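Here's the structure we're looking at; comments come further down.
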Amino acid sequence: MATCSLAQPARRTLDWKDFTKSISETIIARPVRTGEFTIFEITNINKFLYKVEMQGKVFELQTPIPTELQTLFRLNPTELANTANSKKAEEAVGKISEQVPVMKKIAESPAAKTDIAKTPAENESAEEFQKSLDLVVTKCLKYLDKSTLVAGYIFDLRKVRNEFISIAQMDLPYADIQSKTEVAAAKIPAVDIKSQYFELKKLYHEVETLYRDASAKAEDANATAKQKKQIEEALEEIEKADELIDEEGLLGLLDEVSFLNDELRNKKNFLAVAPPVQMDGDYVAYQVTITPTYTKTVGAHKNPINFKFDIPAKGGFKADFSVGPVVSFGSNAKDETYFLKEIPGQDSVSLHKQDNNNAISPGIAAMMHFYPRTGKDWALGPMCGVGAGFQSVSDVNFSLFLGASLILGKRQKIIVSTGASWLRVERLKSPEFKDGSKYAVSKITVGDVTEKVFKPSGFISISYNLTNRVDIN
């Protein structure tokens with residue numbers, strides 16, 4: 001059974017903690033095979049503090065600070081210290097605690113007690129009034145205990161939330177952030193705070209009902225106007241206490257703490273990853289911009305950072321062109337020239353070869369080079385070329401070159417080539433003419449004894465490859 005799997009993209013990673021080292025070692029610029037996808041990522045970068053923009057080819061990635069945290073992270077240290085205080089919750093607890101002695105005092109009043117001088121109906125009303133007051137005091141004490149507990153949770157949660165915010169604004173690697181987050185998270189109360197809050201609300205409604213019941217029974221028990229007013233005022237204070245606790249936004253605060261805890265533990269918030277780019281050219285060019293986000297704790301020394309780098313391709317073949325001087329050498333690279341020598345007393349001449357003292361045969365050639373992409377500063381591959389010398393429009397002198405090239409450089413390349421050249425050189429027409437033979441003067445001219453023929457010889461060339469950068473969409 002055949003199986004097929006996709007290759008993992010080649011990752012190039014820069015560690016923000018060791019930014020200078022990562023850049024200097026050029027680890028991120030290691031070659032990637034042609035056809036593979038490459039992904040560039042930055043680890044240990046706090047994206048709560050930095051906006052990261054990375055562009056590879058036509059791809060762009062922006063990682064702004066999450067909008068949910070914008071307001072929270074713009075608090076300065078003074079504001080953070082102030083918001084740690086749960087003043088409204090403390091005020092609510094104070095209001096509740098103040099009503100307990102008031103209700104106890106009313107419970108001890110004559111109106112709430114039975115008396116021999118009272119009629120049976122009056123004594124029954126007083127007894128009911130007494131019971132309602134006792135229930136109010138008992139339930140108020142429970143409500144006071146629960147509100148005190150919840151106020152403590154609010155204080156603890158605010159403190160933890162502010163610690164989380166401070167941690168999020170630290171320019172530290174992920175491991176250090178995790179260590180500090182764990183310490184702060186350990187301060188979150190180990191109870192079901194939502195359940196405690198709902199129990200508090202339930203107690204409030206029970207207390208409110210008991211107060212209203214006591215207020216109604218105060219009329220039947222002939223309570224004084226002052227006592228009735230005290231019960232009404234106590235109910236108002238309890239209602240205000242409930243409103244103050246609601247204003248603390250305990251459930252929202254709990255959600256914020258949970259959200260911050262999760263986000264600080266999420267490694268993706270400390271990892272900036274560019275989209276994968278397929279290597280279908282010579283390079284993948286990345287441009288990276290890292291900008292500090294606006295928070296009160298980020299100082300002026302946090303300057304934007306811009307840098308760019310190229311990842312070269314590895315694998316596959318490339319064709320490049322160059323033009324440069326070519327030097328052919330060897331006897332086959334030289335023209336053969338002849339001269340005629342008169343023979344005394346005869347109407348004839350003898351044909352003789354003339355020495356050609358040129359050591360080399362220079363020229364200009366246009367060359368095409370084939371070589372594998374190595375991802376290094378050099379490559380080796382075959383080449384072919386053509387040279388042409390134009391003496392006139394009707395006289396074109398071609399030459400051919402085949403061999404191998406050493407390509408030095410990545411973008412602007414110096415190319416050293418060598419191999420065999422086929423030059424059109426002058427050679428004696430054979431068998432029509434022979435060196436040293438005698439010929440009648442009327443049968444021969446020096447310009448007609450040679451012809452252009454292709455002959456192989458060795459050559460060497462040094463050329464320069466000038467490239468233009470073309471983006472592939």
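The values are calculated or read from the model by the stated rules, or taken from the named source; none is laboratory data. Just so it is clear, the structure is predicted and the values come from calculations on it, not from any experiment. For neighbour counting, all protein chains shown are included, and Cβ atoms are generated from backbone atoms with ideal geometry for every residue, glycine included. For the accessible areas, the whole protein counts, side chains as well, though only heavy atoms, and no ligand, DNA or RNA atoms are used. Shrake-Rupley method; radii C 1.70, N 1.55, O 1.52, S 1.80 Å.
The residues packed around ILE177, meaning those with a beta-carbon under 14 Å from its beta-carbon, carry a net charge of 0 if Lys and Arg are +1 and Asp and Glu are -1. How about LYS410: which lysines have a C-alpha closer than 28 Å to its C-alpha, ignoring those fewer than 8 places off in the same chain? Reachable lysines: LYS21, LYS57, LYS308, LYS314, LYS318, LYS376. For the pair THR138 and LYS429 in one chain, pulling the backbone fully straight at 0.36 nm per residue adds 91.4 nm over the alpha carbon distance. Less than 5 angstrom separates the built amide H of ASP171 from none of the residues sequence-distant by 5 or more or on a different chain.
Work the Kirkwood hydrodynamic radius out for the range 235-287: mean of 1/r over every pair of different alpha-carbon atoms, inverted, in Å. Let's see the in-between values first.
Numbers: mean 1/r = 0.0626 Å⁻¹.
Kirkwood hydrodynamic radius for the range 235-287: 16.0 Å.
Between amide H atoms placed 1.01 Å from N, distances below 5 Å from TYR50 occur with THR293, all of them 5 or more places distant or on a separate chain. Pairs with C-alpha atoms separated by more than 29 Å, drawn from the list LYS47/LYS201; LYS87/LYS268; LYS87/LYS226; LYS142/LYS226; LYS51/LYS88, are LYS47/LYS201; LYS87/LYS268; LYS87/LYS226; LYS51/LYS88. Amide H contacts of SER405: GLY381, MET383, each under 5 Å away and 5 or more positions distant or on a separate chain (H built 1.01 Å from N in the peptide plane; Pro and chain starts excluded). If R0 equals 41 Å, the separation of the Cβ atoms of GLU239 and SER179 corresponds to a calculated FRET efficiency of about 0.35.
What number comes out for the charge environment of LYS229, summing +1 per Lys or Arg and -1 per Asp or Glu over other residues with Cβ under 14 Å away?
Working: positive: LYS105, LYS226, LYS228; negative: GLU219, GLU232, GLU233, GLU236, GLU237.
So the environment of LYS229 carries a net charge of -2.
Keeping every protein chain in place, order VAL284, VAL441, VAL273 by accessible area at 1.4 Å, biggest value first, i.e. largest first. Don't jump to the answer; show the numbers that get you there.
Working: VAL284 0, VAL441 70, VAL273 45 Å².
Result, largest first: VAL441, VAL273, VAL284.
Placing dummy labels 7 Å off each Cα toward the beta-carbon, the span from THR418 to LYS308 is 3.9 nm. Geometric descriptor of the range 317-465, per residue, is 113 Å³ (volume of the convex hull of the Cα atoms). Considering every alpha-carbon pair of the range 309-348, the percent of pairs per 5 Å bin, from zero through the bin containing the longest distance, is 5, 10, 8, 10, 8, 10, 8, 8, 7, 6, 4, 4, 3, 3, 3, 2, 1.
Label-to-label distance for LYS438 and ASP18 is 9.2 nm, based on points extended 7 Å past Cα in the beta-carbon direction. Obtain the nm distance between the two label points defined at GLU98 and MET170 by a simple spin-label model: each point lies 7 Å from its Cα along the Cα-to-C-beta direction. Once both label points are built, they end up 4.2 nm from each other. May I ask you to derive the FRET efficiency for GLU206 and ALA285 from their Cβ-Cβ distance with R0 = 56 Å, giving the value to the nearest 0.05? Computed FRET efficiency for GLU206 and ALA285: 0.20.
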